[in-house]
Amino acid sequence: MTNITWTWWSWNLIGDLRGMLQYEFVRNAFEAGTIIAVLAGIVSYLVVLRRSSFASHALGHIGFSGAAGAVLFAVNPFYGLLVATTVSGSGIALLGQKASHRDVEIGTILAFSLALGLLFLAFYNGYATEAYSILFGEIVGISNAEVTLTLESSIPILIVLGLVYRQLLFASLDEEVADAKGMHTLLLGWIFMMALAVAISIAVTIIGVLLIFALTVTPAAIAIRLAKRPLYAVILAVLIALFATWAGIFIGFYEVEPTSFFIVTIVFAIYVVVRSIPLMVRLKNWTAATVRRAPIPERARPAAPSVDSVPPALRTEGPSAASVEADAS
Amino acid sequence: MTPVVAQAERLEVAYRQHLVWSDANFRIERGEFVAVIGPNGAGKTTLFRLLLGLIHPTAGHVEVFGAPPRRGNPKIGYVPQTHLVDRDTNVEAVQLVRLGFSGHRWLPNVTPAMFRAERDATEEALRSVGATELAKKSLGAMSGGELQRIFLAEALAGHPELLLLDEPLANLDLRRAGELVELVHGLVESRNVATLLVAHDINPLIRHLDKVIYIANGRVATGLPHEVLTTESLTELYGVPVEVLHDSRGNLVIVGGEDSHADAVA
């Protein structure tokens, strides 16, 4: 990409895009990026709902050792990634949904597998470039075959997700009831982990293991703040992932900086804007509230529940339900 | 059809080779409101897990709707004590109630009739707990009392004939606990649904109960409230002297058990 910096993007974005798409590598980047964004967007909603963001982060890092091992044995790194993520994903899934909160265990395995990846790369002579592209992604190097591979591995996962979506949603929201209803929550958790493993394996080609969070978690973390209906939130997460990927590739075509930087930055910018909305609202209400607070007598105040009236599972630092929108970070 | 919803004879249950309780005998009929009372860790939730078919008894006999308990019995509506919902769960309440009706199905809705059935059941369940106006509210923004009503609607959406409510009054203040008991009592009457409610404190419930299952000290006493909640019966159950005191408004305090209820009345 560095050798095409003579051009500059114009006000005619469609014209720019048309010119850009004449390059095969750009077409491939857009095609792979689109598939990845759709799958990652859908999976990310479940990641956020199931609070498995650390597991998702860990799968990417564990995938690194798989990819590095594959490079060492001259196999396509994608297969190494897929094996490493599906195997470790199965392990996490078998421990149950609560296991995704076991940060210490997952983190310990994560560090070891990164070290293993480092060892594999030390044995391999082409060290720097391969490691760099696995860690940070190399979207402009995607071949036709890799686009096909991305598509082929995504379609079965998308079909399975479509079929089990409702059960998966239920098990993610209310696992104990789902269990009592005779649903196979462990199997559902495993299906989710496999979807996550594939999403991560293909997303690594575009943004790399270190930046994987930006596509497998953040889009839904943004969407869930804006949409209360799961379907809308999923669609929104996909749109955010798509927008960031497309815009990132577009800008990356003209700039020397890596494409993955732009993708992650766009996602981050949207996140910051959305997160600051409740802050603004609270700031606005704060002034109004200070005026209103004084005249209301104790008994007439609307039923703000005390800390004790909220189930332990719901308790956070915030003392009242009214401060929910304003988050806990 | 026999009106018996659940019954047990000489039932015994162990958890990890540790006896939880034994020799439980009870019979629950249609439309009965039953409180399951006892100190923490006595095995109240264990009874629910048994009826749900999630664990199996080590001895004795238990039947739910005339058959051994089985996992996934659609006639049972269950509200567990702990939930995954927290303040970050920005999902509107109606979605959870909807899943209570159809969440166990594999495939998405296809025909208009499926959508209609789901919508009708959801609306009806929300209406019956008086939570129609909460439908669009986010689960994460709800108070404890509001959440309990939504969980109740989630369980009711499947039109159960037996409701198992695990500590729905925990963490509610006295007034809200009273409101929830009134609501549950109303549902028991209007839907003729047998309801088992696990509670720590009997007082908010006592006026509406048909039966009490009192679990303590590895033993289970069952019967009418005025039979079970007596100094004699509880002393026998605990195996140590226990006294049941009554106040002027019909509240009672149990003194001397491993877990005094005096604090719960305050």
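Here are some notes:
- Residue pairs whose Cβ atoms lie under 8 Å apart, sitting 6 or more positions apart in sequence or on different chains, and linking a residue in the range B:164-192 that is more than 14 Å from every other protein chain (Cβ to nearest Cβ) and in contact (Cβ under 8 Å) with a residue 24 or more places away in the chain to a partner that is in a helix (DSSP H, G or I) and hydrophobic (A, V, I, L, M, F, W, C), are B:LEU183/B:LEU152; B:VAL184/B:LEU152; B:LEU187/B:LEU152; B:LEU187/B:LEU156; B:ARG191/B:LEU156.
- Against the numbered list (1) in the same structural domain as B:ALA93 (by TED's automatic domain parsing); (2) farther than 23 Å from A:LEU168 by Cβ; (3) of a type in the set (S, T, N, Q); (4) surrounded by fewer than 23 Cβ atoms within 10 Å (Cβ to Cβ), B:THR111 comes up short only at (2).
- Filter pass, B:LEU54 being surrounded by 15 or more Cβ atoms within 10 Å (Cβ to Cβ), of a type in the set (A, V, I, L, M), over 21 Å from B:LEU126 (Cα atoms) and at the interface with another protein chain (Cβ under 7 Å from one of its Cβ atoms): yes
- Of the residues A:ILE62, A:ILE36, A:ILE14, A:ILE109, the single one that is over 18 Å from A:LEU161 (Cβ atoms), surrounded by 24 or more Cβ atoms within 10 Å (Cβ to Cβ) and either away from chain B (no Cβ under 14 Å) or among the basic types (Lys, Arg) (or both) is A:ILE62.
- Helices (runs of 4 or more DSSP H) lying entirely in the range A:174-283 (those with 2 or more residues that are touching a Pro at 6+ places or on another chain (Cβ under 7 Å) and more than 19 Å from B:LEU84 (Cα to Cα)): A:230-254
- Flag if B:VAL91 is over 9 Å from B:ALA153 (Cβ atoms) and within 11 Å of another protein chain (Cβ to nearest Cβ): yes
- Scanning the range A:222-242 for residues that are surrounded by fewer than 17 Cβ atoms within 10 Å (Cβ to Cβ) and within 14 Å of chain B (Cβ to nearest Cβ) gives A:LEU226, A:ARG229, A:LEU231, A:TYR232.
- Residue within the range A:155-165 that is without any contact (Cβ under 8 Å) to a residue 24 or more places away in the chain, buried (at least 22 other Cβ atoms within 10 Å of the Cβ) and facing chain B (nearest Cβ under 7 Å) present: no
- Considering the conditions (1) closer than 22 Å to A:LEU46 by Cα; (2) surrounded by fewer than 20 Cβ atoms within 10 Å (Cβ to Cβ); (3) under 15 Å from the mean Cα position of the chain (by Cα), A:THR245 is excluded by exactly one of them, (2).
- Of the residues examined, B:GLY140 is one that is farther than 18 Å from B:GLU32 by Cα, in a helix (DSSP H, G or I), touching a residue at least 40 places away in the same chain (Cβ under 8 Å) and at the interface with chain A (Cβ under 10 Å from one of its Cβ atoms).
- Tally, over the range B:114-137, of residues that are crowded, with 17+ Cβ neighbours inside 10 Å and either within 11 Å of chain A (Cβ to nearest Cβ) or aliphatic (A, V, I, L, M) (or both): 8
The values are calculated or read from the model by the stated rules, or taken from the named source; none is laboratory data. Treat the numbers as computed from the prediction; the structure is a model and nothing was measured. So basically every Cβ, Gly included, is an ideal-geometry build from the backbone, and we count neighbours across all protein chains shown.
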